[in-house]
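All remarks here apply to the structure that follows.
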Amino acid sequence: MSDKIDLGKVYAPSEDIVVREIEGEVVIVPLVSGIGDMEDELFTLNETGRDIWNKIDGSRTVAAVVRELAEEYDAPAGLLEELLVRKMVVEKE
């Protein structure tokens, strides 16, 4: 699998993380090594990141997520790739 986002693919949160929303921020906790940064134990998402995360539900293509976000506001496209590289989202078969 590539570390590049494919707009035609569907992605979903990895089963190797736990996700909680605390005071409006999404907190991602890795359950196994090799997820996220070596020096960080937690990964947090702000409001924009939370909105993107909530749309990566395993049922929509990346293109659909991007279209939805473009209607709402100018979201950072690189976040999806970063989450894939960190293995926090995985390509759905």
Can you put Arg50, Arg20 in order of Cβ neighbours within 10 angstrom, beginning with the fewest? Arg20, Arg50
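Estimate the FRET efficiency between Arg67 and Val32 by the formula 1/(1 + (r/R0)^6), using the beta-carbon distance for r and 30 Å for R0, to the nearest 0.05.
Working: r = 33 Å, r/R0 = 1.09.
With R0 = 30 Å, the Cβ-Cβ based efficiency is 0.35.
Here, each number is a calculation from the coordinates, and none is a lab measurement. Remember, predicted model here, so these are calculated numbers, not experimental data. Note that each Cβ is placed from the backbone with ideal geometry, even for glycine, and that neighbours are counted across all protein chains shown.
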